[in-house]
């Protein structure tokens, strides 16, 4: 799952997938702004066939947080 998340993040933020770590966040990825955050959320929902709650979306601020949230939602 982590490789799939990393690939989506790399595409959205236009960075190398290998540069994304579990702790990558808006503080470490320069292009991670509010618009790209929403693009990331939508791309993750499409990639994994899930829907994040409105409460989850602001918490998805690292690869680790995204992975944990998807793990709880994915079938």
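Each value in this text was obtained by applying a stated rule to the coordinates, not by laboratory testing. As the structure is a computational prediction, the values presented were derived from the model and not from experiment. Quick reminder, even Gly has a Cβ in these numbers, built from the backbone with ideal geometry, and neighbours come from all protein chains shown.
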How far is helix 34-48 tilted off the main Cα axis of the chain, in degrees rounded to 10, range 0 to 90? 50
Per residue of the chain, what 222 nm ellipticity follows from adding -39500 (n - 2.57) for every DSSP H run with n ≥ 4, rounded to the nearest 500? -16000 deg cm²/dmol
What relative contact order, as a whole-number percentage, does the chain give when Cα pairs under 8 Å and 6 or more residues apart are counted? 36
Full-extension gain between residue 68 and residue 11, please, as 0.36 nm times their residue separation minus the C-alpha to C-alpha distance. 18.5 nm
Among (i) 20, 63, 17, 0; (ii) 15, 16, 15, 13, 12, 10, 8, 6, 4, 1; (iii) 17, 40, 30, 11, 2, only one was calculated for this model; which label is it, if the read-out is P(r) over Cα pairs in 10 Å bins from 0, in percent? (i)
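I'd like to compare 14-23, 57-66: which one has the highest average count of other Cβ atoms within 10 Å, and what's the full order after that?
On the way: 14-23: 12.7, 57-66: 16.6.
My ranking of the peptides, most packed first, is 57-66, 14-23.
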